[in-house]
1. Regarding segment 87-137, what's the average projected area of the Cα-atom convex hull, expressed in nm²?
2. Note the count of lysine pairs whose C-alpha atoms are less than 22 angstrom apart in segment 7-132, limited to pairs 8 or more residues apart or on different chains.
3. Report Thr87's accessible area, 1.4 Å probe, all protein chains in place, as a number in Å² to the nearest 10.
4. In degrees, nearest 10, range 0 to 90: what is the angle between the Cα axis of helix 74-84 and the longest Cα principal axis of the chain?
5. Report, to the nearest 10°, how far helix 98-111 tilts away from the longest principal axis of the Cα atoms in the chain, using its own Cα long axis and a range of 0 to 90°.
6. To the nearest 10 square angstrom, what accessible area does Phe66 show with a 1.4 Å probe?
7. Note the angle between two axes, namely the Cα long axis of helix 2-13 and the longest principal axis of the Cα atoms of the chain, as a number of degrees from 0 to 90, rounded to the nearest 10.
8. Over the chain, how many percent of alpha carbon pairs lie in each 5 Å bin up to the one with the longest distance?
Amino acid sequence: MGILWQIIKMGLLDDINLERCPELYRLLHEGETIEQLLALKPEEILLRWFNFHLEAAGSARRVHNFSGDVNDSECYTVLLGQISKGTCTQDPMSEADLEARAAKMLAEADKIGCNKLITAGQVTAGNPRLNLAFTANLFNTCPGLEPLVEEEKAAVVEQAALLEV
């Protein structure tokens, strides 16, 4: 089972790099280099992407893991609203029952064609593997990062290629 998970995880996280998604450049913190960003594991980049969008949406919440930090579906709801720009609503936030809120959040994710990969019960249980898979699928479906202009894109891809040698 562990080997199967590693294969699935590799497939889900494969596009979370600067070569395939140069827009990840937008996630650099002030004073940080591309080399430092490239040193992060894909899971860490995914958490940074998640938090980038939470901050852009004006949320005070931050996600540090794919279990207890997402099990109330609030951060997912904010993320979906931010990356979908008007397609997904904040309606799940009005639901007090966590499992019902998770079900509504997953219905919002369906609006952007995001395969759930997870059930409401698995979200509320804080299943880290399935929440990681769901978050990676959100990224792969709709990263919501502003495209780089051609000059930026060429420079980022070139720098990333030089660093990976």
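1. 3.2 nm²
2. 6
3. Thr87 exposes around 60 Å² with every protein chain in place.
4. Its long axis makes an angle of about 60 degrees.
5. With both axes taken from Cα atoms, the answer is about 50 degrees.
6. Ignoring ligands and nucleic acids, Phe66 comes out at about 20 Å².
7. The helix 2-13 is inclined about 70 degrees to the chain.
8. Using 5 Å bins, I get a P(r) of 1, 9, 18, 21, 20, 13, 10, 5, 2, 0, 0 for the chain.
The values are calculated or read from the model by the stated rules, or taken from the named source; none is laboratory data. None of the values given here were measured: they were computed from a predicted structure. Heads up: the accessible areas ignore ligands, DNA and RNA and are worked out on the full protein's heavy atoms, side chains in. Shrake-Rupley method; radii C 1.70, N 1.55, O 1.52, S 1.80 Å.
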